[in-house]
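Each remark here refers to the structure printed beneath this line.
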Amino acid sequence: MSNVDETFITAEEVAQHNTRESCWIIVHGYVYDVTEFLPEHPGGAKIILKYAGQDATEEYDPIHPPDAITENLPKEKHLGKVDPNTVKAKVKEITEEEKERQKRMDGRPPMSECLSLHDFEAVARTVMPEKAWAYYSSGADDEVTMRENHAAYHRVWFRPRVLRDVTNVDFSSTILGHKTSMPIYITATALGKLGHPDGELNLTRAAAKHNVIQMIPTLASCSFDEIRDAAAPDQVQFLQLYVNKDRAITERIVKRAEKRGIKGLFITVDAPQLGRREKDMRMKFDDAGSNEQRESGETVDRSQGAARAISSFIDPGLSWRDLKWFKSITNMPIILKGVQCWEDAVLAAEAGCQGVVLSNHGGRQLDFARSGIEILVEVVCELKKRNLFKPEFEIYVDGGVRRASDVLKAVALGAKAVGIGRPFLYAYSAYGQEGCERAMDILKDEFEMALRLLGCPKLEDLTPEMVDASAIHLHTQSVPDDRLFGINYEPIAGLKSKL
């Protein structure tokens with residue numbers, strides 16, 4: 001900030017600016033005039049007006065990078081520091097609900113008792129704040145696709161080979177030419193601080209220790225620079241990009257990422273509008289809104305949830321024509337994240353992209369979109385027909401993965417690597433960075449065992465013939481009950497739960 005830092009403003013003066021016509025807020029001890037920014041705020045004006053004339057830090061922190069306000073507001077709107085001598089210390093009242101949650105946190109099982117990724121999810125569901133669990137766990141509409149993402153892997157069966165020397169097993173790989181200890185990467189997930197105060201930094205540090213590549217999300221709670229600064233020397237990271245309607249902002253983000261050493265640009269293409277995630281949306285029903293809203297007679301929209309509160313900047317006009325522009329502003333490899341049919345995978349290869357992520361956004365966008373593993377089968381087939389299935393065009397899958405064996409099914413069918421998101425969120429929400437590291441250790445143990453039992457000393461020995469995916473398109477196929485996933489799945493609550 002500039003010399004206005006030396007200007008002190010009393011809390012009483014800030015409190016006077018509590019209307020739509022003059023709206024000041026305090027964030028991290030600094031005062032900002034956000035009046036002109038109200039119509040532009042991605043989450044809408046209503047949430048800002050709720051804190052008009054007040055300290056908004058507590059609401060701001062979990063869903064914004066620290067530098068979001070300083071980067072998006074003109075310098076002349078940075079009014080100065082709030083005079084600490086005029087701020088009345090607020091005694092934060094701990095609700096009974098929070099007290100009970102803390103008890104559950106204190107009583108959670110030792111981390112050593114977590115033997116699978118499912119276990120972290122079970123603990124996280126118990127100890128996370130309700131709003132955080134609702135955001136992380138929610139899917140679109142009836143959540144059919146979210147559940148199908150996982151169920152689809154149960155329709156792919158192994159055909160192991162025997163009498164092969166598997167004394168030593170190597171499951172290391174490369175992604176876009178960069179080494180990784182496993183054929184996975186940490187895919188982008190938003191609002192990391194909802195689950196833990198350190199947010200995405202838990203992932204960064206754990207990834208460094210285990211030589212796993214992290215994809216930095218556009219909507220991280222930590223700032224991009226915080227995440228890059230926390231990375232180890234030579235640690236590989238990718239950037240997930242939501243394309244802003246303002247292309248100048250997008251260009252700035254992309255160029256900053258390349259300058260700071262990001263090794264791949266994953267452009268999200270499946271979110272021209274965010275889907276209806278009803279678990280998340282219900283979390284806003286108890287929000288009373290601001291005094292300014294009530295006095296003006298404005299209806300308080302409490303039905304949007306965290307997802308829509310942070311996403312209105314995303315450009316619904318993004319199209320294939322924009323790829324040429326992206327290539328003109330960066331030398332980073334360009335991967336399209338959210339491809340959902342073979343036709344678009346072929347177009348991406350023909351357009352010169354370096355890869356695609358076959359994904360339905362974790363089942364959070366269009367319900368009844370098919371799973372990535374199902375799409376993979378047809379994509380590989382159609383790329384081969386056109387001589388486009390080549391090493392320089394990599395295919396990734398994400399969504400629904402809970403076991404290393406899931407990953408190996410995808411690799412056998414032609415995927416270069418698989419993105420894992422929610423399980424790592426649950427791991428650090430329950431146990432912090434150590435939870436992420438434990439989750440990665442579990443995956444490594446599973447990879448070693450599965451490859452050995454498949455008869456594959458290394459990933460290159462895993463071939464399409466070693467899996468049976470003939471039932472992948474049979475959406476009514478009967479499979480054994482998925483007990484662990486089913487135990488953790490929380491059905492959508494209808495209005496009846498509020499009556």
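The values are calculated or read from the model by the stated rules, or taken from the named source; none is laboratory data. A quick note: this is a predicted structure, and the numbers were derived from the prediction, not measured. No Cβ is skipped: glycine too gets one built from the backbone with ideal geometry, and neighbour counts run over all protein chains shown. Heavy atoms of the whole protein, side chains included, go into the accessibility calculation; ligands, DNA and RNA do not. Shrake-Rupley method; radii C 1.70, N 1.55, O 1.52, S 1.80 Å.
Measuring nothing but how far apart in sequence close Cα pairs (under 8 Å, 6+ apart) lie, relative to its length, the range 340-499 scores a relative contact order of 18 percent. A helix-only calculation puts the chain at -10500 deg cm²/dmol for mean residue ellipticity at 222 nm, using -39500 (n - 2.57) for each DSSP H run of at least four residues, averaged over all residues. For the range 395-438, what log10 I(q)/I(0) values come out of the Debye formula at q = 0.14, 0.18, 0.25 1/Å, with one point per alpha carbon and no solvent? Computed log10 I(q)/I(0) values: -0.36, -0.55, -0.82.
Between Rg and the Kirkwood Rh of the range 370-499, both from Cα atoms, what is the Rg to Rh ratio? Spell out each step's value before the answer.
On the way: Rg = 17.5 Å, Rh = 17.0 Å.
Result: Rg/Rh = 1.03.
Determine the relative contact order of the chain: mean sequence separation of Cα pairs under 8 Å and six or more apart, normalised by residue count, in whole percent. Walk me through the numbers before you get to the answer.
Numbers: 904 pairs, mean separation 106.1, N = 499.
It comes to 21 percent, rounded to a whole number.
Would you work out the charge dipole size for the chain about its Cα centre, treating the Cβ of every Lys and Arg as +1 and the Cβ of every Asp and Glu as -1, and quote it to the nearest 20 debye? Mind showing how you got there, number by number?
Numbers: 64 positive and 76 negative charges, 232 e Å.
Taking the Cα centre of the chain as origin, the dipole is about 1120 debye.
The distance linking the range 7-30 with the range 227-251 is 32 Å (Cα centroid to Cα centroid, whole angstrom). The separation of the range 366-383 from the range 159-177, counted between C-alpha centres, amounts to 25 Å. Translational diffusion of the range 347-389, estimated by Stokes-Einstein from the Kirkwood radius over alpha carbon pairs at 4 °C in a medium of 1.567 mPa s, is 113 µm² per second.
Given (1) 161; (2) 178; (3) 237 as candidate values of volume of the Cα convex hull per residue in Å³, which corresponds to the one derived from the coordinates? Only one option fits the structure, namely (1). Applying the criteria of a DSSP loop state and at most 13 other Cβ atoms within 10 Å to the GluC sites (Glu not before Pro) of the range 313-407 yields Glu392. Taking a straight line from the alpha carbon of Lys81, these aspartates and glutamates sit under 15 Å away, with near neighbours fewer than eight places off in the same chain left out: Asp5, Glu6, Glu12, Glu13, Asp33, Asp55.
For the range 55-127 versus the range 196-211, the inter-centroid distance based on Cα atoms is 17 Å. Using only the alpha-carbon atoms of the range 1-94 as identical scatterers, what base-10 log of I(q)/I(0) does the Debye formula give at q = 0.17, 0.20 Å⁻¹? Taken in order of the listed q values, log10 I(q)/I(0) reads -0.70, -0.98.
Kindly rank 325-332, 396-403 from highest to lowest mean number of other beta carbons found within 10 Å of each residue.
On the way: 325-332: 14.0, 396-403: 26.4.
So the peptides 325-332, 396-403, ranked by packing, come out 396-403, 325-332.
Carbon-plus-sulfur accessible fraction, the range 18-115 (probe radius 1.4 Å, protein heavy atoms only): 54%.
Please identify the trypsin sites (Lys or Arg not before Pro) of the range 60-149 that satisfy two criteria: DSSP loop assignment and at most 12 other Cβ atoms within 10 Å. Which are they? Before the final figure, lay out each step's value.
On the way: sites: Lys75, Lys77, Lys81, Lys88, Lys90, Lys92, Lys99, Arg101, Lys103, Arg104, Arg125, Lys131, Arg147; in loops: Lys88, Lys90, Lys92.
For trypsin sites (Lys or Arg not before Pro) across the range 60-149 that sit outside H, G, I, E and B with at most 12 neighbouring Cβ atoms in 10 Å, the list reads Lys88, Lys90, Lys92.
In a DSSP loop and with at most 12 other Cβ atoms within 10 Å, the GluC sites (Glu not before Pro) in the range 71-133 are Glu93.
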